[in-house]
Structures are given as structure tokens and as C-alpha cells.
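Okay, structure first, notes after.
Values in this text are rule-based calculations from the coordinates and carry no lab data. These figures come from a predicted structure and were not determined experimentally. FYI the Cβ positions are ideal-geometry reconstructions off the backbone, even for glycines, and counts take in every protein chain you see.
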Amino acid sequence: MHHRLLGFLRSFLLLTTACVPISQQGTPTAGPASPGGAKPVVFADKPLRTDDFVYEDRIRTVMLYPAAGDLDNPAAAALQPAVLPIGQGTPLVLEFDEIGEGSQPFHARLYHCNADWTVSLLTDINFLAEYNDFLLTSYQLSANTKTPYTHYRMEVPKVKLPGNYVLMVHREGNVKDIVLTRRMLVYDNTVDVRAKVTYATGTGERNTNHQLEFTVQYRDYPIANPLEEIKVVLRQNYRPDNAITGLKPMNVRLDEKLLEYNNFNLENNFLAGNEFRFFDTRSILFLGTNVARVNPGPNRSEVLLAADRPRNREAYAQSDDFNGGFVIDHHETRQGATEADYVATVFTLQAPEANGEVYVNGKFNDWQLDERNRMAYSSENGHYTARILLKQGIYNYDYAVVRAGSERREEVYFEGSFFNTENTYEIIAYYRPLGARADRIVGYQVLYHNARR
């Protein structure tokens, strides 16, 4: 695990915040009805999606990350991406909750995918050493929570080939009754990827963008047509929604077996964005960071976050964050997996009405913009609000706008974009040998730009 992130999280989790007794915070109000209750109806023939997706409202807080190993802070491991080298001894771990009483059997399958996340033509025996059907046998019922749920956990079986994979979980007895999908990467560094983050070549973007310049050296491959046989993908903060694909090298040095990606038309640019906003709901017995009020209702507690304001016209302010991620924890017991409760979390953004829909944006919602995280505007109060059911923990988020007639999210609309922002970048190199039936990840490099620790 990245030691800077571990050090920051360790200090953050030990942070003592000011306590305000619940009795001084106002009259309790009840939360919305639980999505739990009756057993779910089994729906057949759900189409397989090869992105991070949750098919049912009952399924919550899905995490896929490398096992903590010997780390003294296993909660921090959940911030790491679902990426492993092919020879890694530590497995990936999947965790999720199903809200409601009792438990039921779930099964998982793996799919090998190409660089564009279409399912490859490989058969199970090509990439697995065992039968591709894995029963989830590890589960626990929640304890002392107002919202009952069952917490599931599994270690993902090891694969034999590098590449993109999708882990799919379905109910027992029907492989098409899918409840969730999760992407994972397994790489084998057989090409040499070297990269740096620089200022944008465009003068108007120098203060707002990060430009990635990199090379791919393929000494061990007799590649006849590297322009077509090698594909690269760039990601910012492990996010799938703003990945850059389809880049072509500006220069091919066949004698050195070297591809140079020093593009000049902003194709390799990311908006740097801003540091993420955050809040701490590990406890509802006192006010955590950026929590304004707690209403401990009889069926579900409600947490009102401190009101936010636009930052797009403000100067950049340095702060530590999780780059949009979240950590599940319970302050009183440290047993976040089963004793952290689900609370109705109310976001408020004081801002003029935007020309488009506004969303609370973050990894908590798989970077997807949907009804779960869409905000409503009140002309009378001059603010946006959203009420989102979230498990107790520490969360990063920002605000995104999708203008009318567009599908592109704009985080800079309220947040601004600054070159000084700390971001993590990945360069993923794929190669498909002549006659092969799938793309493999042959190079993987991570850059920590403007890292604080």
C-alpha cells in the first residue's frame, strides 16, 4: 500500500473531534422507510454489464481491493484500487451489504475482458485453474444497527493471465439474476512504461490541466505493427468515467522498440480538478468533521452535513483527501463491517441554480450519476439538497453538473481546477499477440502527482 496514504489515514482515524451531546442538537426526526423488509423478488435475464454497477437498491457499500496483509490499518486497504500484479500472493477482497433480515446464497463468476471492456473470446480454462463458480460462504449479520443488513465477504480466486476482468455476483440458481459487477486489473510488467506529469502545452490550460507524457519500450516483443497492437489507457484517481483511450504515439522508434506519447493537442490532458470535500460520520453520538447536526430517529438516524459553497472562484487551498474514495468505520467499536449503521446523509450546496442537473459525485456511487445522488433545487432557500443513504465512515465527494442536452459531467463548474491539485495517475498498456484472442496488460505504471506525504 502507498505509505503516504496509509500515514494520512492513520492520523485521520485517530483525530479527535469536538463532541456535542445529542440532547443539544434538536428534536429527533425519523428517516425514510428502509429498503429492507420482504425478501427480494428474483429477476431473471439481467444483462451483464462490464463496469462497476449495482443492480438492486438493497445491495450497498460494494468494495473490491487488495487484502490488507500485514498492514496495521486494514481499513486503509479499501482505498486501494482493484489492481494486482500477476504473481501477487495477496488476493483481492470483495465486500458488500444486502439490506434486510437474514442471508441468502450468492455465487460469483469471473469474465476476462479486452482493453475496451468487451468480454474476450477466452474460455474459463484459459485464465482460471478451477471451475468458474464461487460460492460466497463468509457472511455476518449486522449487530446493534437500526438498519439490519448482512455483510458478505470473499477472496477473489487468482487468475493465470494478465488483463481486464469483471467479477460478477448473482443469486444461487440463476446466473442471470445479477446483483453486482466489479472491474479488476491484473498486469504483467513485460514492457517498460516511463511517465511524468507536466504543464499543458496549451497556454490557456497551464494552470488548470495535468498533462501526461510517457514512453512504452517493448524490448521483449517482436511487434510488427506497434501502432495497432499496443493500446494505452490513462486513468485519473482510478476512475473509469474520465479515462483517456485511443491515444496514438507521436513518435515510433523501431530501432529502439520505443513508443513516445508526447501529444500536443491536449489529447493526453486531464482537468486537474480540486481536492475533494469530505465528512466524517463514524459516530452519531457527536459531531464529526463537517457534520452540522445529527437527528437520531427511531428507525434511522439522519446526518445533516455543513452547507457547502462553490469553490470555482476561490484560490486553491491545499488539503489531504482520498481522491474521491471512502473508508467504512465505526468510532465506538472499530467494527465497521457489521456495526456501522446506515444513516440518511443530507448534502446542501448553497449556490445559484445551474443550467443542468447537479449531482453529489464520488466513489461511494461508483462515479455514476443517477437518482441516488441527484440533487433538488429550492428557489426559496437558494440551495441544492440531496438525501443519500450511506454507511458510517469517512467519505470524499464533490459536486458535478450535467448541462441540458449533454452527457458530460462538469466538476469544475462548482469546484474549479488547479494545477496544484494532488492526483494519482495510471498508465495501462495492453498488447494482443498475433493470432491471440484477447488483450493482455503488459505494462502498468502509477504516478503520484503533488503527493503530500
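How much of the DSSP beta bridge set in the chain is antiparallel, as a percent to the nearest 5?
Expressed as a percentage, antiparallel bridges in the chain total about 95.
Need the full-extension length gain, A317 to E260, defined as separation in residues times 0.36 nm minus the C-alpha distance. One decimal, nm.
17.1 nm
Of the options A337, A376, P298, report the single residue whose Cα projects farthest towards the positive end of the charge dipole of region 277-415 (beta-carbon charges: Lys, Arg +1; Asp, Glu -1).
So the residue we want is P298.
Taking Cα pairs under 8 Å and at least six residues apart, what relative contact order does the chain come out at, in percent?
Contact order relative to length: 18 percent.
Evaluate the distance, in nm, between pseudo-label points positioned 7 Å from the Cα of V346 and of A243 along their respective Cα→Cβ axes.
The modelled label-to-label distance comes out at 3.9 nm.
Tell me the label-point distance for the pair E267, Q368, using the 7 Å Cα-to-Cβ offset, in nm and rounded to one decimal.
For the pair E267/Q368, the computed spacing is 3.1 nm.
With +1 on the Cβ of every Lys and Arg and -1 on the Cβ of every Asp and Glu, and nothing else charged, how large is the dipole of region 222-365 about its Cα centre, in debye rounded to the nearest 20?
It works out to roughly 100 debye.
For a protection proxy built on the mean count of beta-carbon atoms within 10 angstrom, sort 235-246, 151-162 highest first, please.
Going by the mean number of other Cβ atoms within 10 Å, highest first, we get 151-162, 235-246.
Find the relative contact order for region 46-187 and round it to a whole percent, using C-alpha pairs within less than 8 Å whose residues are 6+ positions apart.
It comes to 33 percent, rounded to a whole number.
Give a quick list of GluC sites (Glu not before Pro) in region 372-452 that DSSP marks as loop, anything other than H, G, I, E or B, with at most 11 other Cβ atoms within 10 Å.
E380, E407
From a point 7 Å beyond the Cα of A436 in the direction of its Cβ, which residues of region 78-94 have a backbone N at a distance under 14 Å?
86
Taking only the alpha-carbon atoms of region 78-136, what semi-axes of the equivalent ellipsoid follow from 5 times the gyration tensor eigenvalues under a square root, in whole Å, largest first?
Computed over region 78-136, the values are 24, 17, 13 Å.
So what is the 222 nm mean residue ellipticity for the chain from helices alone, if each DSSP H run of at least 4 adds -39500 (n - 2.57) and you divide by all residues, rounding to the nearest 500 deg cm²/dmol?
-1500 deg cm²/dmol
May I ask for the Rg/Rh ratio of region 277-415, computed from Cα atoms with Rh as the Kirkwood radius, given to two decimals?
Rounded to two decimals, Rg over Rh is 0.97.
Using r as the Cβ-Cβ distance of R387 and N450, and R0 as 41 Å, what FRET efficiency do you calculate, to the nearest 0.05?
0.75
Tell me, how many Å apart are the Cα centres for region 209-276 and for region 164-208?
14
Rounded to the nearest 0.05, what FRET efficiency do S379 and L135 have when you use their Cβ-Cβ distance and R0 = 41 Å?
According to the calculation, E is roughly 0.20.
Starting from region 285-319, pick out the trypsin sites (Lys or Arg not before Pro) whose DSSP state is loop and whose Cβ has at most 14 other Cβ atoms within 10 Å.
R313
Suppose the chain between I125 and N290 were pulled fully straight at 0.36 nm per residue; how much longer would it get relative to their current alpha carbon spacing?
Extra length available between I125 and N290 comes to 54.4 nm.
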